[in-house]
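Q: One structure, as structure tokens, below. Some questions next.
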Amino acid sequence: MSRLFAFFAGLFLFLNAPLAHAQEDEPLEVLLDWFINPDHAPLIVAQEKGFFDDAGIEVRFTEPADPNDPPKLVAAGRADLAVSYQPTLHIQAAAGLPLTRIATLVATPLNTLLALEDGPVKEIADLKGRKVGYSVGGVEEAVLGAMLARHGLGLEDVELVNVNFSLSPALLSGQVAAVIGAYRNFELNQLQLEGAEGRAFYVEEEGVPAYDELIVLANSDKLEDPRLPAFVEALERGVQYLVNHPQESWELFADYKDDLDDELNRRAWSDTLPRFALRPAAVDWDRYRRFAAFLEEAGIIADPPPLSDYVTDLSREQGERP
């Protein structure tokens with residue numbers, strides 16, 4: 001019996017060792033927030049141009065089965081990095097998840113509340129009693145709640161429906177009257193390609209403070225990993241190459257996978273280029289303070305932790321904080 005116990009104990013330690021002791025020469029596992037699309041262009045360009053190799057690291061990108069999962073998996077130590085959203089980070093940090101922002105991909109909001117141009121929703125107040133689709137829990141309800149409040153409504157006045165990745169299909173099929181979380185560079189183009197026009201309500205024009213749409217998260221307990229600053233440095237080289245050589249970068253992106261070279265991605269590519277963070281490591285601390293205060297005032301989070309607990313700039317000298 002003791003030998004059997006020792007065997008299973010050893011097996012348990014063996015199976016869990018990779019999670020507890022990631023080796024510096026192992027690939028960095030980067031969980032994306034969505035399937036690969038032009039929002040990830042700096043990452044793909046850095047990979048295809050060999051900038052990660054130059055930095056001495058191997059990087060592996062993984063598309064999620066559920067867009068809610070990547071930050072949770074990083075917090076649990078089951079992946080190294082996750083592409084996520086600034087609003088989500090505030091909520092998860094307040095909930096105690098060990099997550100820290102180390103870089104920015106897209107430095108402006110992309111999110112919209114989207115309805116069909118010829119549909120019943122002409123203004124936000126028209127959503128009363130109607131269904132609204134969403135894909136990422138928590139943050140999208142928070143943003144939608146703030147937008148509804150400006151028009152005399154609350155979340156209780158709409159029916160939320162989790163449509164996962166199918167934002168445009170849910171809208172086109174009439175499953176929902178509007179969707180929150182639709183990107184202005186993607187779903188608007190997708191609707192046009194389907195012969196429909198979208199009516200977009202921009203979150204930053206409806207009472208939501210401006211924020212970084214896409215950011216990169218690491219586990220807060222693993223910030224000393226030397227691969228992380230190397231990753232951010234290579235990412236900056238990727239975005240610099242991208243803005244200097246947009247056509248060559250498009251070709252790198254389109255060739256990365258078989259299904260990327262299509263009209264939707266071509267349109268989204270042009271709409272996304274002006275929105276990438278040129279200095280991915282840099283933090284707009286006031287922007288993070290404003291959004292944390294917004295979430296606290298809205299009752300989404302209580303007693304938010306200090307920003308230095310979950311936001312960092314790996315290019316700053318150790319210990320320097322705002």
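Q: What is the one condition in (1) surrounded by 18 or more Cβ atoms within 10 Å (Cβ to Cβ); (2) on the phi > 0 side of the Ramachandran plot that ALA75 does not satisfy?
A: (2)
Q: How many of the residues in segment 168-184 are at negative phi, open to solvent by 20 Å² or more (accessible area, probe 1.4 Å) and free of Cβ contacts under 8 Å to residues at least 60 places away in the same chain?
A: Result for segment 168-184: 4.
Q: Also, quick follow-up: For segment 117-152, what are the residues that are of a type in the set (Gly, Ala, Ser), within 17 Å of THR88 (Cβ to Cβ) and assigned to a loop (DSSP other than H, G, I, E, B)?
A: Those that are of a type in the set (Gly, Ala, Ser), within 17 Å of THR88 (Cβ to Cβ) and assigned to a loop (DSSP other than H, G, I, E, B): SER135, GLY137, GLY138.
Q: Then there's this: Enumerate the pairs (first residue in segment 92-120 and open to solvent by 10 Å² or more (accessible area, probe 1.4 Å); second residue anywhere and in a strand (DSSP E or B) and basic (Lys, Arg)) with beta-carbon separation below 8 Å, excluding pairs fewer than 6 apart on the same chain, so at least 6 apart or on different chains.
A: LEU116/ARG199; GLU117/ARG199; GLY119/ARG199
Q: Also: If I ask for residues that are within 13 Å of VAL179 (Cα to Cα) and either without any contact (Cβ under 8 Å) to a residue 40 or more places away in the chain or open to solvent by less than 30 Å² (accessible area, probe 1.4 Å) (or both), which ones from segment 149-167 would you list?
A: Matches in segment 149-167: VAL158, GLU159, LEU160, VAL161, ASN162, VAL163, SER166, LEU167.
Q: Next question. For a quick check of your reading: which helices (runs of 4 or more DSSP H) sit entirely within segment 209-322 and have at least 3 residues that are of a type outside the set (D, E, K, R), open to solvent by 40 Å² or more (accessible area, probe 1.4 Å) and touching a residue at least 24 places away in the same chain (Cβ under 8 Å)?
A: 227-244, 246-256
Q: Residues to consider are ALA55, ALA76; find the one that is closer than 21 Å to VAL243 by Cβ and among the aliphatic types (A, V, I, L, M).
A: ALA55
Q: Something else about it: How many residues are of a type in the set (Gly, Ala, Ser) and more than 30 Å from ARG290 (Cα to Cα) if we restrict to segment 40-95?
A: 5
The values are calculated or read from the model by the stated rules, or taken from the named source; none is laboratory data. Fair warning: this is a prediction, and the values are worked out from it, not measured in the lab. Here Cβ is always computed from backbone atoms with ideal geometry, including for glycine, and neighbour counts include all displayed protein chains. Surface accessibility is based on the protein's heavy atoms, side chains included, excluding ligands, DNA and RNA. Shrake-Rupley method; radii C 1.70, N 1.55, O 1.52, S 1.80 Å.
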